[in-house]
Amino acid sequence: MESRYNPAAIEEKWQQVWADQGLDLAPENSDLPKYYAVSMFPYPSGNLHMGHVRNYTITDVIARHKRMQGYRVLHPMGWDAFGLPAENAAIERGIPPAKWTQQNIEQMRNQLKQLGLSIDWTREVATCSPDYYHWTQWLFLEFFKAGLAYQKEATVNWDPIDQTVLANEQVDSQGKSWRSGALVERRLLRQWFLKITDYAEQLLTDLDKLEGWPERVKLMQENWIGKSIGAQVIFQTETEEDLPVFTTRPDTLWGATFMVLSPEHPLVSQLTTPEQAEAIARYQASAAGKSEIDRTAEDKEKTGVWTGSYALNPVNGEKIPVWIADYVLMGYGTGAIMAVPAHDLRDFEFAKKYSLPIKVVVQPPDQVLDAETMKVAYADEGFMVNSGPLDGVAAGKGAGQSVEAAVKWLEANGKGVGTVNYRLRDWLISRQRYWGSPIPVIHCPDCGTVPVPDSDLPVLLPEEVEFSGRGASPLSKLDSWINVPCPTCGTPARRETDTMDTFMCSSWYYLRYPDARNDKQAFDPEKANDWMPVDQYVGGIEHAILHLLYSRFFTKVLRDRGLLNFDEPFSRLLTQGMVQAAAYKNPTTGKYVPPQQLDPADPRDPETGEVLEVFYEKMSKSKYNGIDPKDVLGKQGADTARMFILFKAPPEKDLEWDDADVEGQFRFLNRVWRLVSEFAESQTAAQRQTPGSLQALTKTEKDLRRSIHLAIQAVSEDLEGDYQFNTAISEVMKLSNALGDATCKDSPVYAEGIDTLLKLLAPFAPHITEELWHGLGHADSIHTQAWCQLDRAALVVDEISLVIQVMGKTRGTIQVPAQADRAALEQLARESELAQRYIADKEIKKVIVVPGKLVNFVIS
C-alpha cells in the first residue's frame with residue numbers, strides 16, 4: 001500500500017476494476033428484496049456542474065448503502081436529450097443536433113464515471129435515440145386510443161419578423177424575440193393536447209398516498225391542480241347567447257354589477273358594438289403580446305374595455321355591462337367572470353377605475369357597509385343582504401351557510417348547477433420544432449387524423465434538414481418527409497409536423513430502465529411491475545410541479561391501459577438544495593465581477609474602486625461563481641468532492657461552497673489513509689480474531705467497542721428516513737478520532753474498529769475505502785460486504801460520571817457503577833473524596849439523588 005494518499009493513483013484504477021467485474025449491474029431474477037434508486041436524468045449540455053455532482057452523489061450513497069444491506073439495487077442513468085439548445089447549436093454552429101447531442105453525452109458520461117457512481121450503464125437511455133422515441137411515439141398512440149390525445153386551437157408565441165413560433169424561453173422579459181428583437185405576438189395554432197384534466201381528481205387525492213414526499217412539493221402540486229367547488233351559472237346576452245360562468249361564490253350573484261370576458265373569448269366579436277370595435281381590437285392586440293404571468297400579476301394595474309353590450313343577471317334579471325380585460329384567461333374556467341366589486345379586491349379596483357356600480361350583499365356582523373363610501377372590498381364573514389332568498393343567511397362556505405344555500409336555490413330554479421372546477425389545464429404537447437419526437441399521426445383528407453401503424457414506428461426524424469431559425473419548423477418544409485399515403489385508405493396525405501414536448505420523453509423514462517434493451521415493447525410489464533415504483537427519486541425542487549405531475553399522470557394512464565399495477569411512480573422524493581458560491585456585485589451598476597480580479601480581503605470593482613456586495617448565489621457562469629467539478633476532481637479527487645458535497649449541509653438545504661472546507665475533507669481522508677495503513681503494516685493474526693465476550697475485555701477495549709457501535713447506530717439511523725449525510729460523516733469522523741486515540745491497537749477490538757470505519761465510510765468515499773480494504777488483505781470488494789450490525793450489548797456502560805453538587809452548585813464528577821441504585825449512589829457520593837471536601841463536619845439536611853445524573857447535598 002502506498003505510504004501517502006494519492007487519489008489520482010487509485011480512483012481510475014478502481015473504476016475500471018468495478019466496470020470489469022460488473023459490480024454495479026442490477027441483478028436479474030433474484031430473490032433479494034428490490035431497491036430502485038433514480039436521479040432525475042440530465043440534459044446533455046456537455047459539462048457537469050456542481051448541482052449534478054450533488055444530485056448524483058446523494059443517490060449513489062443511498063444505492064451503495066442498500067446494496068450492503070442486502071438489496072438488489074437498480075441505479076441507472078440516462079439523458080433527457082431532446083430540446084431547444086441542440087437546435088440552436090445547429091443554427092449557430094452548423095452542427096446537426098444529433099451529432100452535437102451525442103458528443104455532449106459522451107463527454108458527460110465520462111465525467112460521471114470519474115465520480116465513482118455505482119451506475120448500471122447497461123441500462124443507459126437517451127430520449128433522442130430512435131430506440132427510445134419509438135416507444136414515446138407508441139405511448140402517445142396509447143393515449144390517442146384512450147381518447148386522451150386531441151387537437152384544438154391554442155395560442156403560441158409568434159415572431160412576426162422571422163415568421164416562426166418561439167418557445168417561452170426564447171421570449172425575453174420585455175416580450176421580445178431573442179433573435180430578431182421583434183415584439184412577440186400571440187397567435188392561435190391548431191395543436192395537440194393530452195387530457196390530464198380527466199385525472200385531476202386522482203392526481204389530487206392520491207397526493208395523500210405520497211408519505212415519502214416533502215409536504216411543500218405536495219402542496220405545490222395541490223395548488224397547481226387548484227380544485228375549486230362552486231357553481232356554473234348561465235348568463236344570457238341581449239342576443240340570447242348563453243354566457244356560462246364558474247364561480248366559487250354563487251351566493252354573491254345578487255351583487256354582480258358587470259361581467260368580464262377574456263380578450264380571446266369567442267363571443268367577444270359578437271358582443272362588440274360598432275362604436276366599440278376599434279377600442280376592442282386595439283386592446284385584444286395589446287393583450288396578445290403579454291404573457292399569462294404578466295396578465296395575472298396581482299400588483300399590475302387592471303385595464304379593460306367595454307364591448308358596448310349587456311348581459312342579464314339570471315338571479316334578478318338586471319342588465320349588466322360586459323367588458324373584456326386581460327386578467328381573465330380563456331384557459332381557466334369558462335373565460336368569463338361575474339364581477340362583484342363590493343366583495344372582491346380585483347373587481348373593486350376595476351369598478352372604481354371605470355366608475356362601475358358597487359352593490360353590497362354581505363354585511364359584517366359589527367358594522368354597516370355603504371357602497372358609496374367603501375375604500376376596499378369586504379371579503380370576510382357576515383350575513384347576506386340584498387340577496388332575495390338568501391337574506392339573513394350566514395355568509396360562507398360551511399354547512400348551512402350561504403354558498404350551499406345559493407347552489408340549492410340555483411338548481412331548484414334552473415339557474416345553475418353545483419360543480420367542481422380545476423385550475424389544471426390540459427397538457428399542450430405540440431412543439432413547432434425539429435429536435436423532438438415526431439407526433440405519429442397522419443392527416444388524411446378522407447379519413448381525418450389517422451395514427452401511424454405500430455409496424456411503421458418509429459417515425460424517424462429526417463437528417464437532411466436545413467436550420468435557419470426563420471420561418472416554420474424545418475420539418476414542415478420537407479415535402480419528401482411530409483407527403484405520405486394514408487395508412488388506412490392510401491389517399492395522398494400529410495404527416496403531422498409538430499414534435500412532442502420534451503416532458504413527454506421524461507414522463508416515462510423510469511419505466512424504460514428496468515427493460516432498457518427491449519426492442520419489442522416499451523417495457524415488459526412484468527419487469528416494470530417488479531422494479532417499480534421507484535423507491536427513492538432525487539432531483540431539484542424546480543421539477544416539483546410539471547415533471548412530477550406529468551409522470552404521475554403517465555403512470556395512472558398506463559395503469560388504466562393494463563400495463564402497470566401501481567398508482568404512483570415514486571415512493572419517496574428528495575429535492576436537494578442548490579449549490580451556491582460567493583458572488584461579487586457592483587451595487588451601482590448591478591454587474592458581477594470575477595473573483596480572480598479581486599482581493600478577497602477587500603473586494604472592490606477593479607474599474608471604479610467601489611466596494612462590492614458579497615453574497616452567496618446559485619453557481620452561474622453569468623455571476624462568475626461557478627466551480628468546475630473537474631478542477632476539484634483533478635486536485636483532491638472524487639472522494640473528497642463527494643465528502644464535501646455530503647458533509648457541508650443536509651441534502652435538502654442549499655450548500656455554500658467553501659474551498660477551505662473542501663481541503664478539510666481532503667485532510668480527513670488523508671488521516672483515514674494513515675490510520676488504516678499503519679494498522680495494515682502492523683496487524684497480527686491475533687488482531688484478526690473475533691473480539692471475546694464483553695466480560696473478557698478490558699475497560700479500554702470496552703470503551704473503544706462502545707464508540708464503534710455508537711458509530712454504527714448513528715450512521716445507520718442517518719442513512720434511513722430523513723437522510724442526514726452530514727451528521728453521518730461527522731459520526732465517522734468521531735470513530736476515526738476514537739481509533740486514533742485508542743491505546744489498545746493490538747486488540748481484536750481495534751481491528752473491528754478499522755473494518756467498521758471503512759464499511760461506514762464506503763458509501764461516501766468508495767475509492768479510498770476499496771483501496772484500504774484490499775490493503776488489509778481482503779479479496780472481495782468492500783462494496784459487496786454486509787452492512788455493519790449493531791451489537792446493543794456493546795452500548796451498555798459499566799460506569800457513568802455522577803455529578804456531585806453541594807447546595808445546587810456543581811463541585812465535580814465521580815465514576816460510579818452504571819447499575820447503582822439510589823441508596824448506593826448516595827453512599828458512594830457521601831464517601832467520595834470530592835464530596836468530603838465540602839460536607840465534612842457539616843450537618844446534611846437533605847440529599848437529592850437523580851439516578852444516573854447527580855447527587856446534591858443540602859447542608860446547614
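Flag: Val538 does not match the condition of being within 30 Å of Gln724 (Cα to Cα), without any contact (Cβ under 8 Å) to a residue 40 or more places away in the chain and not in a helix (DSSP H, G or I).
Of all residues in the stretch 147-166, those satisfying the criterion of being part of a loop (DSSP other than H, G, I, E, B) and surrounded by fewer than 16 Cβ atoms within 10 Å (Cβ to Cβ) are Gly147, Pro160, Ile161, Gln163.
Among the criteria (1) open to solvent by less than 20 Å² (accessible area, probe 1.4 Å); (2) in contact with a Lys or Arg (Cβ under 8 Å, 6 or more places away or on another chain); (3) not aliphatic (A, V, I, L, M), the one Ser507 does not fulfil is (2). The conditions are (1) farther than 28 Å from Val53 by Cβ; (2) touching a Pro at 6+ places or on another chain (Cβ under 8 Å), and Thr155 fails exactly one of them. Which is it? Answer for Thr155: the failing condition is (2). Looking across the stretch 343-356, the residues that are in contact (Cβ under 8 Å) with a residue 12 or more places away in the chain and surrounded by fewer than 16 Cβ atoms within 10 Å (Cβ to Cβ) come down to Leu345, Glu349, Lys353. Is there a residue being open to solvent by 10 Å² or more (accessible area, probe 1.4 Å) and farther than 30 Å from Lys352 by Cβ anywhere in the stretch 260-272? Within the stretch 260-272 (the criterion being open to solvent by 10 Å² or more (accessible area, probe 1.4 Å) and farther than 30 Å from Lys352 by Cβ), the answer is no, since none of the residues qualifies. Looking only at the stretch 307-318, count how many residues are touching a residue at least 40 places away in the same chain (Cβ under 8 Å) and exposed (fewer than 15 other Cβ atoms within 10 Å of the Cβ). Looking only at that region, the number is 1.
Note on the stretch 717-737: residues that are of a type outside the set (A, V, I, L, M) and closer than 21 Å to Val676 by Cβ amount to 5.
If I filter the stretch 560-570 for residues that are touching an Asp or Glu at 6+ places or on another chain (Cβ under 9 Å), closer than 28 Å to Asn55 by Cα and either open to solvent by 30 Å² or more (accessible area, probe 1.4 Å) or free of Cβ contacts under 8 Å to residues at least 12 places away in the same chain (or both), do I get at least one hit? Write out each step before concluding.
Let us first name the residues in the stretch 560-570 that are touching an Asp or Glu at 6+ places or on another chain (Cβ under 9 Å), namely 561, 563, 567-568, 570.
From the residues that got through so far, the ones that are closer than 28 Å to Asn55 by Cα too are 567-568, 570.
Okay, now just the ones that are also either open to solvent by 30 Å² or more (accessible area, probe 1.4 Å) or free of Cβ contacts under 8 Å to residues at least 12 places away in the same chain (or both), so 567.
Taking every residue of the stretch 560-570 in turn, at least one turns out to be touching an Asp or Glu at 6+ places or on another chain (Cβ under 9 Å), closer than 28 Å to Asn55 by Cα and either open to solvent by 30 Å² or more (accessible area, probe 1.4 Å) or free of Cβ contacts under 8 Å to residues at least 12 places away in the same chain (or both).
When restricted to residues that are of a type in the set (Phe, Trp, Tyr), touching a Gly at 6+ places or on another chain (Cβ under 9 Å) and not in a loop (DSSP other than H, G, I, E, B), the stretch 4-52 contains 2. Listed by first and then second residue, the pairs linking a residue in the stretch 51-67 that is over 13 Å from Arg642 (Cβ atoms) and modelled with pLDDT of 95 or more to a residue that is assigned to a helix (DSSP H, G or I) and open to solvent by 10 Å² or more (accessible area, probe 1.4 Å), with Cβ atoms under 8 Å apart and 6 or more places separating them unless they lie on different chains, are Arg67/His783; Arg67/Thr784. A residue that is open to solvent by less than 20 Å² (accessible area, probe 1.4 Å), in contact with a helix residue (DSSP H, G or I) (Cβ under 6 Å, 6 or more places away or on another chain), without any contact (Cβ under 8 Å) to a residue 40 or more places away in the chain and more than 22 Å from Phe725 (Cα to Cα) can be found somewhere in the stretch 85-98. Listed by first and then second residue, the pairs linking a residue in the stretch 726-741 that is assigned to a helix (DSSP H, G or I) to a residue that is of a type in the set (Lys, Arg), with Cβ atoms under 8 Å apart and 6 or more places separating them unless they lie on different chains, are Asn726/Lys648; Ser736/Arg671; Gly740/Arg671. The set of residues in the stretch 703-725 that are farther than 17 Å from Leu757 by Cα and touching a residue at least 12 places away in the same chain (Cβ under 8 Å) comprises Tyr723, Gln724.
Among the residues that make up the stretch 748-763, is at least one of them free of Cβ contacts under 8 Å to residues at least 60 places away in the same chain and surrounded by fewer than 15 Cβ atoms within 10 Å (Cβ to Cβ)?
The answer is no; no qualifying residue exists.
Rundown of residues vs (1) over 26 Å from Asp535 (Cβ atoms); (2) of a type outside the set (Asp, Glu); (3) open to solvent by 20 Å² or more (accessible area, probe 1.4 Å), yes/no style:
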{"residue": "Arg4", "(1), (2), (3)": "yes, yes, yes"}
{"residue": "Ile10", "(1), (2), (3)": "yes, yes, no"}
{"residue": "Ala19", "(1), (2), (3)": "no, yes, yes"}
{"residue": "Leu25", "(1), (2), (3)": "no, yes, yes"}
{"residue": "Pro33", "(1), (2), (3)": "no, yes, yes"}
{"residue": "Val38", "(1), (2), (3)": "no, yes, no"}
{"residue": "His49", "(1), (2), (3)": "yes, yes, yes"}
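Within the stretch 205-217, count every residue that is of a type in the set (A, V, I, L, M, F, W, C) and in contact with a strand residue (DSSP E or B) (Cβ under 6 Å, 6 or more places away or on another chain). Result for the stretch 205-217: 1. At least 3 residues being surrounded by 13 or more Cβ atoms within 10 Å (Cβ to Cβ) and over 31 Å from the mean Cα position of the chain (by Cα) is the threshold, and among the helices (runs of 4 or more DSSP H) wholly inside the stretch 582-693 those reaching it are 659-682. Taken over the stretch 176-213, residues that are open to solvent by less than 50 Å² (accessible area, probe 1.4 Å), closer than 22 Å to Ile429 by Cα and of a type outside the set (S, T, N, Q) amount to 9. Taking the stretch 752-860 as the region of interest, the helices (runs of 4 or more DSSP H) fully inside it that hold 2 or more residues being within 22 Å of Lys13 (Cβ to Cβ) and under 57 Å from the mean Cα position of the chain (by Cα) are 766-775. In the stretch 105-146, the qualifying residues are those that are of a type in the set (D, E, K, R) and in a helix (DSSP H, G or I), and the one that is farthest from Ala19 (Cα to Cα) is Lys145. A Cβ distance below 6 Å, combined with a sequence gap of six or more or placement on separate chains, defines the contacts here; from the stretch 765-776, residues that are closer than 18 Å to Ile729 by Cβ reach residues that are assigned to a loop (DSSP other than H, G, I, E, B) in the pairs Pro766/Gly116; His767/Gly116; Thr769/Ala762. For the stretch 329-364, a residue qualifies if it is under 22 Å from Pro266 (Cα atoms) and β-branched (Val, Ile, Thr), and the qualifying residues are Thr334, Ile337. Looking at Leu574, is it in a strand (DSSP E or B) and either open to solvent by 30 Å² or more (accessible area, probe 1.4 Å) or in contact (Cβ under 8 Å) with a residue 60 or more places away in the chain (or both)? Yes: the conditions hold for Leu574. Looking at the stretch 526-552, which of its residues are open to solvent by less than 30 Å² (accessible area, probe 1.4 Å) and more than 16 Å from the chain's Cα centre (by Cα)? Those that are open to solvent by less than 30 Å² (accessible area, probe 1.4 Å) and more than 16 Å from the chain's Cα centre (by Cα): Ala528, Trp531, Met532. Does Thr334 satisfy the criteria of being at pLDDT 95 or above and not in a helix (DSSP H, G or I)? No. Pairing residues of the stretch 668-680 that are of a type in the set (S, T, N, Q) with residues that are in a helix (DSSP H, G or I) and open to solvent by 10 Å² or more (accessible area, probe 1.4 Å), at Cβ distances under 9 Å and at least 6 apart in sequence or on separate chains, gives Ser677/Gly775.
The values are calculated or read from the model by the stated rules, or taken from the named source; none is laboratory data. Just so you know, these numbers come straight off a predicted model, no measurement behind them. With ideal geometry, Cβ positions are generated from the backbone for all residues, glycine too; neighbour counts draw on all protein chains shown. What goes into the accessible areas is simple: the full protein's heavy atoms, side chains included, and nothing from ligands, DNA or RNA. Shrake-Rupley method; radii C 1.70, N 1.55, O 1.52, S 1.80 Å.
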